[in-house]
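J.: Below is a structure I'd like to ask you about.
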Amino acid sequence: MKRILISLLFLTAVISVNAQKVLDEVVAVVGNDVVLLSDVESQLTQYKDISSNKTNLARCLVIDQLMQKKLLLNRAKVDSLKVSDEQIEGELNRRMEFFTQQYGSEEAIEKYYHKTIREIKDDFRDEVKSQLLEEQEQSKVVSAVDPTPEEIKKFYLSIHPDSLPYFNTEYEIGQVLIYPHPTKQDNDEVINKLLKIRADVLSGKSSFGTEAILYSADDGSAVKQGDLGTQRSDNFVPEFAAAALALRKDSISMPIKTKYGYHIIQMVERKGDMIHVRHILIRPNVSVKSIDSTKKFLDSIRTIILKGKKDSVFSALAYKYSEDEDTKNRGGMMVDMKTNSSHIPVDELDAVTFDAIDKLKIGEISSPIFYKSKLDGKQGYRLLYLKSKNAPHKANMTDDYPKIKQMAQDDKKAKALETWIIKYAPITYIRINDSYKGCKNLEKWQNQASVNGN
């Protein structure tokens, strides 16, 4: 969940680059870092639906959040915390993958911002480094915070009954996902196709770029003649990186296999671990026979589960056979990515999954259902198991213990962070613009500034 929230903040920051410039002023100073009005207004876009009379309150909250981040960054530097170039590049790549899902393709991102992906990443490299340092420092403060059962109960009882959150219909859903696998003949056809493309390019009959446009299954790079730009070699899967690093300038690899399919790679330029390559990706067509075999195998798994104790048998077979790494190690159970709970709100389910489980009674298992990955378009089949369904209700300790525990943990972490601020703010230079000293939630900072004599 944290990664998703950080990615959303990052996306807000990207959008602000193209937004109309705010006439900047310094809102606050924390150590050697400043909170600018443009930073505040950028974050306020998250509160776009609030009424105008609450805008000032939201602005005060944002200033407080940004000051906390600056204090975390300041202490990270004092504590000599470090992040590597690899960590920064990895985080940038994860976030760009997130944006690609939002925009549909890397080309759409580049077209919108009039910059290459590399230029966008470079624009935010320093910001990501700061955020990673802030995360490290915050982890030192709150990583060990874990409420006891008594504290969870006390937290729950402290909430007025009228203020208890209301939860929509929630489902517990398990899945066994299996992808049809191409036969040796299917794979050989792809390998031979790539060998012919390679031979045509090397003989001058065609160009690598033309062949990539015509045949590559990587839509993002195909429109750029297979060009993947300059990246660190470890940004690629190991098989791809190893093959690329073995190439000389302008040479083309033999076909290699990765989890995405089969590739040929052309080396454009290499500088140490930074490589500029082009590639052509072709995925084997899966035969009707393989698809039928996969569906029959899932049917046999379904029969075994229905004959046994559903929960335990389903869990064991999901672990043994499912090809979805995210769920197989949880006994096949899906989770809400926002809360990491197995109870998934109905509005968090995609239409295909909801349509399938809406036809099931509790304890029933679907027949094999077609599945297509949103990440890479890979197609397979899955069984869905409806373990439980909770009707809309107010939060209670019986049905919602994991969520209440998370709420209690968040509350305890917030208090731990407040205590940490009280400890370190007095030994840090802090100034707040007079225009914002009316914010009640900033009084803790102003009090510490007074202690400092600032």
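The values are calculated or read from the model by the stated rules, or taken from the named source; none is laboratory data. Everything numeric in this text was worked out from a predicted model, so none of it was measured. Quick reminder, even Gly has a Cβ in these numbers, built from the backbone with ideal geometry, and neighbours come from all protein chains shown. Only protein heavy atoms, including side chains, enter the accessible area calculation; ligands, DNA and RNA are left aside. Shrake-Rupley method; radii C 1.70, N 1.55, O 1.52, S 1.80 Å.
J.: How much accessible area per residue does the chain have, counting only protein heavy atoms and a probe of 1.4 Å, in square angstrom?
T.: Details: 25140 Å² over 454 residues.
Computed with neighbouring chains in place, this is 55 Å² per residue.
J.: Next question. What residues of the stretch 382-411 lie in the reach of a label at Ile304, counting those whose backbone N is under 20 Å from a point 7 Å from the Cα along Cα→Cβ?
T.: 382-387
J.: What FRET efficiency comes out for the pair Val223/Phe354, r = Cβ-Cβ distance, R0 = 30 Å, nearest 0.05?
T.: On the way: r = 34 Å, r/R0 = 1.12.
My answer for the efficiency is 0.35.
J.: Within the stretch 121-203, how many Lys pairs that are eight or more residues apart, or on different chains, come under 21 Å at the alpha-carbon?
T.: Summing the qualifying lysine pairs gives 4.
J.: Here's a follow-up. Give me the distance in nm between label points sitting 7 Å out from Cα along the Cα-to-Cβ direction at Val346 and Met254, one decimal.
T.: Output for this residue pair reads 5.7 nm.
J.: Roughly how many debye, to the nearest 20, is the charge dipole of the stretch 228-328 about its Cα centre, given +1 on each Lys and Arg Cβ, -1 on each Asp and Glu Cβ, and no other charges? Intermediate results must be reported in sequence, preceding the final value.
T.: Numbers: 18 positive and 12 negative charges, 61 e Å.
Charge dipole of the stretch 228-328: 300 debye, to the nearest 20.
J.: Putting +1 on Lys and Arg Cβ atoms and -1 on Asp and Glu Cβ atoms, find which of Val128, Pro165, Gln102 reaches farthest to the positive end of the dipole of the chain.
T.: Value computed over the given set: Pro165.
J.: Where Rh is the Kirkwood radius over the Cα pairs of the stretch 77-187, the temperature 10 °C and the viscosity 1.306 mPa s, what D in µm²/s does Stokes-Einstein return?
T.: Working: Rh = 19.6 Å.
The calculation lands on 81 µm²/s.
J.: Using r as the Cβ-Cβ distance of Tyr215 and Val237, and R0 as 22 Å, what FRET efficiency do you calculate, to the nearest 0.05? All intermediate terms of the calculation are to be shown ahead of the outcome.
T.: Details: r = 20 Å, r/R0 = 0.93.
E between Tyr215 and Val237, to the nearest 0.05, is 0.60.
J.: Using unit Cβ charges (K, R positive; D, E negative) and no other charged atoms, how large, in debye to the nearest 20, is the dipole of the stretch 100-181 about its Cα centre? Walk me through the numbers before you get to the answer.
T.: Numbers: 9 positive and 17 negative charges, 17 e Å.
Rounded to the nearest 20 debye, it is 80 debye.
J.: Between the stretch 102-167 and the stretch 307-329, what's the alpha-carbon centroid distance in Å?
T.: 31 Å
J.: Quick one: with all protein chains in place, what share of the accessible area of the chain is carbon or sulfur, to the nearest percent (1.4 Å probe)?
T.: Details: 13140 of 25140 Å².
It is 52 percent, rounded to a whole number.
J.: If r is the Cβ-Cβ distance from Ser139 to Ser203 and R0 is 45 Å, what FRET efficiency results, to the nearest 0.05? Don't jump to the answer; show the numbers that get you there.
T.: Values: r = 56 Å, r/R0 = 1.24.
Approximately 0.20, to the nearest 0.05.
J.: What is the set of long-range amide H partners of Val268 at a cut-off below 5 Å, with H atoms built 1.01 Å from backbone N?
T.: Close amide H contacts, sequence-distant or interchain: Asp250, His276, Val277, Arg278.
J.: If you compute Rg and Dmax of the Cα atoms in Å for the structure shown, which of (i) 25.0, 77; (ii) 22.9, 83; (iii) 26.6, 78 do you land on?
T.: (iii)
J.: Which ³J(HN,Hα) values in Hz, rounded to whole numbers, follow from the phi angles of the stretch 244-254 under the Karplus curve 6.51 cos²θ - 1.76 cosθ + 1.60, where θ = phi - 60° and Gly and Pro get x?
T.: 5, 5, 7, 8, 8, 3, 6, 7, 10, 6, 6
J.: Treat every Asp and Glu Cβ in the chain as -1 and every Lys and Arg Cβ as +1, leave all other atoms uncharged, and give the resulting dipole magnitude about the Cα centre to the nearest 20 debye.
T.: Numbers: 67 positive and 65 negative charges, 176 e Å.
Taking the Cα centre of the chain as origin, the dipole is about 840 debye.
J.: Just to be sure I understand the model, the point goes 7 Å from the Cα along the line to the Cβ. What's the resulting Leu44 to Ser312 distance in nm?
T.: 6.0 nm
J.: Could you rank Lys328, Lys205, Lys295, Lys196 by how accessible they are, 1.4 Å probe, largest area first? Don't skip to the answer; put the middle values down first.
T.: Numbers: Lys328 35, Lys205 160, Lys295 75, Lys196 120 Å².
Greatest to least solvent exposure: Lys205, Lys196, Lys295, Lys328.
J.: How far is it, in nm, from the label point at Asp273 to the one at Glu443 when both lie 7 Å from their Cα along the line to the Cβ?
T.: Computed distance between label sites Asp273 and Glu443 equals 5.1 nm.
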